[in-house]
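Scroll down for the structure; my scribbles are underneath it.
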């Protein structure tokens, strides 16, 4: 079966391409499963461009014949560490890399790590505002994510693509906390355990798992105010880049 999907321009990650977490979540939806889903990103997903989706056992996404991503259901072996206290996550917010005070050569005249990013950017008017910062002596990063009721779907819950997005950048920020700037997201495996109501606050965490050559493995998780785990993900970031 063949379908098409378009990534909206505001769901941007690096310039002119979709945010990896959002893109993966949008592609994962084609499997229509409640089990963990693995999305391998083979090439940047362009914005506002019809992409072809071929659904077989899993799904593959193409842009004019170029393979963009491969999607499959899987298992997720991921131990989620205890999160920090909410108060600590709130207090460290100003220290998030999203608010960096150095000029960014990728965005001349603008500050912050990635100002336009749909997940962690401070200049994206439609962005999610996931501003993670180091906690627990740099063992993790965390953000109190303040969602908006207007983001809700017909059931009043956050779209699952938004949850996938929130589970994206904190994985890279966890390596920032160790002085490493990774390359692009290469793969993310996520499992949404329970819906999250739009308009509520949530705690998003990220932590380093291990490094294997050019592959940097990270974990991320989403908790509600009661400390219940709502979603978790394991991501692979490829290569390293100079710190800016």
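The values are calculated or read from the model by the stated rules, or taken from the named source; none is laboratory data. Everything quoted here is computed from the prediction, not taken from an experiment. Methodologically, a virtual Cβ is constructed for each residue, glycine included, from the backbone with ideal geometry; neighbour enumeration extends over all protein chains shown.
Observations
- Any hit, region 193-210, residues being within 20 Å of residue 139 (Cα to Cα) and out of contact with any strand residue (DSSP E or B) (no Cβ under 9 Å at 6 or more places or on another chain): no
- Among all residues of region 121-129, there is at least one that is farther than 23 Å from residue 26 by Cβ, in a loop (DSSP other than H, G, I, E, B) and not assigned by TED's automatic domain parsing to the domain that holds residue 19.
- Any pair with Cβ under 8 angstrom, 6 or more apart, that starts in region 219-244 at a residue that is on the phi > 0 side of the Ramachandran plot and ends at one that is modelled with pLDDT under 95 and surrounded by 14 or more Cβ atoms within 10 Å (Cβ to Cβ): 239/182; 239/183; 239/184
- Within region 164-176, the set of residues being surrounded by 24 or more Cβ atoms within 10 Å (Cβ to Cβ) and touching a strand residue (DSSP E or B) at 6+ places or on another chain (Cβ under 6 Å) comprises 164, 166, 167, 170, 171, 172, 173, 174.
- Listed by position, the strands (runs of 3 or more DSSP E) contained in region 29-85 that have at least 1 residues being without any contact (Cβ under 8 Å) to a residue 12 or more places away in the chain and outside the structural domain of residue 193 (by TED's automatic domain parsing) are 59-63.
- Residue within region 9-19 that is within 15 Å of the chain's Cα centre (by Cα), within 22 Å of residue 129 (Cβ to Cβ) and assigned to a helix (DSSP H, G or I) present: no
- Residue list for region 73-105, restricted to those being within 29 Å of residue 226 (Cβ to Cβ) and either touching a helix residue (DSSP H, G or I) at 6+ places or on another chain (Cβ under 7 Å) or at pLDDT below 90 (or both): 73, 97, 99
- Of the criteria (1) under 22 Å from residue 168 (Cα atoms); (2) modelled with pLDDT under 95, which one residue 108 fails: (1)
- Take the conditions (1) surrounded by fewer than 24 Cβ atoms within 10 Å (Cβ to Cβ); (2) in contact (Cβ under 8 Å) with a residue 40 or more places away in the chain; (3) under 30 Å from residue 31 (Cα atoms); residue 134 misses just one of them, which is (3).
- Among the residues of region 159-210, just one is part of a strand (DSSP E or B), out of contact with any helix residue (DSSP H, G or I) (no Cβ under 9 Å at 6 or more places or on another chain) and farther than 16 Å from residue 232 by Cα, namely 210.
- In the condition set (1) closer than 21 Å to residue 229 by Cα; (2) surrounded by fewer than 19 Cβ atoms within 10 Å (Cβ to Cβ), residue 70 is compliant with all but (1).
- Filtering region 121-131 to residues that are surrounded by fewer than 23 Cβ atoms within 10 Å (Cβ to Cβ) and farther than 18 Å from residue 92 by Cβ leaves 123, 124, 125, 126, 127.
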